[in-house]
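Take a look at the structure below.
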Amino acid sequence: MYKTFVRNFIIFIGLFAMLNFFLWNYCVEEVVTYAPKGNYFFGDISRLGYVRFTKTNIWDFPEFTKKHIKAKNYKGEKVDVLTIGDSFSNGIGKASYQDIIATNNNYNVLNIPVLRTGDFIEQVIEMNNGGYFDVIKPKYIILESILRTSMERYAKDDIDWNKVPTKEEMIQKYPILAYNQPHAHDYENNQLTPPKPDLFKVLFEKIQEKLNFKKFITAKPKKEVELDVATPTGSYHFINTGNFKYLYNLAKLHFNDEKLTLNDVVYLRKLKQPMFTSQRPDVIIYYKDDIDLLDDFVPEKMSRANDNLNKLADILAEKDIKLIVMTPPDKSLLYRPYLKEADFPVNPYYVYTRTLPKRYTFVDADVILSQALKDGVKDLYWAGDTHWTPNAIVALFDKKYNYFK
């Protein structure tokens, strides 16, 4: 009896491990670690929903002859356009709109990520008041935020418009600038000095890395990625709950691909027609916060956001800098007209904001991308991601739209 139990237990453990090994290596790993094993793409909400049907082969993207400058590579070149924004501005989704701006206009375009979550206008104000724009002298600043979180970023009523950062604050809050940029104030020969690394800590981390005996059963993301949505991070063992979430969602999809919630944070809906080139081109998945944050878009907040952006435009105009505001639409809003069942209200942001007086240039991404969909352009957004593709930025920055007047 005891031997039979032990034998069956060993067989069960072996089969359990083999199942996990197979699921992890052939189904789940490349989805959740942001590391496809071929020339295809999954995306952030594919990871959150543990699904593979969003697999999209990567096509030949347009080549832009002039590349933008990343903050870490800036060497003091003249800057025509400075871009500040979230992951849409930082190249997630394999789409760098800065490159098409640089190529079409022969501009030097510098991208600086938002360095503190949520502080979009504040970062521009501190950089301006701290003298940073007096050094790089941009002609234009593009401020970008995805729609769903734009109110919490732009509609604040407690912005300190007069704050002047100290040297210590500049180093602490803006490490990219501290490492690479001169400062307008005369700090240490006009150069901010980064803090010296802790050599003992670095050495300890190197030793710890070399002695990581768990590597043979652990997978790590192959590169760091900045995302707008919460995603699985860190290290993954081949035996993990994600394997069974994948199986569970696969079973759900088998019986219903019209309307589902995956892993509590991803919504799946059926489209009226194919809009993607994924394995299920007539199915869309989108992030739950697209819907959950709709309550933020009330007239009071949208008006305050516009007032704040107008005030920012006025401040920048004193230094002959023009402000351009770009708000990429949420995936759910852009594709809403094509859903078989649209069970959520339309976000009123674009319709309402069009009626407001603006002293900044407003990039109406909703109108332009909606027209591209009407024209039959597929894969404007990735099937399994919250971000747009190169197809979207080609449509958005067509030469007929002159944002740089």
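Amide H to amide H, with H built 1.01 Å from N, Ile58 comes under 5 Å of Tyr40, Phe41, counting only residues 5 or more places away or on other chains. For His237, the solvent-accessible surface with a 1.4 Å probe is about 80 Å², rounded to the nearest 10. Solvent-accessible surface of protein heavy atoms, probed at 1.4 angstrom with all chains present, puts Glu341, Glu126 in the order Glu341, Glu126, largest first. In this structure the amide hydrogen of Ile142, modeled in the peptide plane, comes within under 5 Å of the amide hydrogens of Leu82, Thr83, Ile84, Ile324, none closer than 5 places in sequence on its chain.
Given a Förster distance of 22 angstrom, what is the FRET efficiency for Asn8 paired with Ile239, based on the Cβ-Cβ distance and rounded to 0.05?
Numbers: r = 19 Å, r/R0 = 0.88.
The value I calculate is 0.70.
When a/c reaches 1.5 or more, the comparison of a/b and b/c decides; with that in mind, is the stretch 292-405 rounded, prolate or oblate per its Cα gyration tensor? Judged from the Cα gyration tensor, the stretch 292-405 comes out oblate (a/c at least 1.5, b/c at or above a/b). For the stretch 270-329, rounded, prolate or oblate, judged on the Cα gyration tensor with a ≥ b ≥ c (square roots of eigenvalues), a/c < 1.5 rounded, else prolate if a/b > b/c? Verdict is oblate for the stretch 270-329. Each residue of the stretch 354-359 was assigned a 3J(HN,Hα) from its phi angle through the Karplus curve 6.51 cos²θ - 1.76 cosθ + 1.60 (θ = phi - 60°); the sequence is 4, 7, 8, x, 10, 10 Hz, with glycine and proline shown as x.
Once you order the gyration tensor axes a ≥ b ≥ c over the Cα atoms, which shape class does the stretch 1-88 get: rounded for a/c under 1.5, otherwise prolate or oblate by comparing a/b with b/c? All intermediate terms of the calculation are to be shown ahead of the outcome.
Numbers: a/c = 4.38, a/b = 3.12, b/c = 1.40.
Prolate shape, in that a/c is at least 1.5 and a/b is the bigger ratio.
Note on Asn162 and Ala251: their simple-model spin labels are 6.4 nm apart, each label 7 Å out from Cα toward Cβ. Rounded to whole numbers, the Karplus 3J(HN,Hα) couplings from phi for the stretch 383-399 are 4, x, 9, 7, 9, 7, 9, x, 4, 5, 6, 5, 5, 6, 10, 4, 4 Hz, using 6.51 cos²θ - 1.76 cosθ + 1.60 with θ = phi - 60°, and x at Gly and Pro. Peptides 315-323, 266-274, 136-144 ranked from most to least packed by the mean count of surrounding Cβ atoms within 10 Å: 136-144, 266-274, 315-323. Past 20 Å, Cα to Cα, is the threshold; run Lys55/Lys270; Lys137/Lys322; Lys67/Lys358 against it and keep the listed order. Result: Lys67/Lys358 exceed 20 Å. The stretch between Thr261 and Met18, if pulled fully straight at 0.36 nm per residue, gains 84.6 nm over its current Cα-Cα span.
If a spin label sat at a point 7 angstrom from the Cα of Thr65 along the line to its beta carbon, the backbone N atoms of the stretch 87-121 nearer than 16 Å would be those of 99-108.
Based on the mean of other beta carbon atoms within 10 Å per residue, what is the order of 31-44, 277-290, 69-82, most packed first?
Values: 31-44: 18.6, 277-290: 20.5, 69-82: 15.7.
Per-residue mean Cβ counts within 10 Å order the peptides as 277-290, 31-44, 69-82.
The values are calculated or read from the model by the stated rules, or taken from the named source; none is laboratory data. What you are looking at is a predicted structure, and each value in this text was computed from that prediction instead of being measured. Cβ: placed from backbone, ideal geometry, glycine included. Neighbour counts: every protein chain shown. Only protein heavy atoms, including side chains, enter the accessible area calculation; ligands, DNA and RNA are left aside. Shrake-Rupley method; radii C 1.70, N 1.55, O 1.52, S 1.80 Å.
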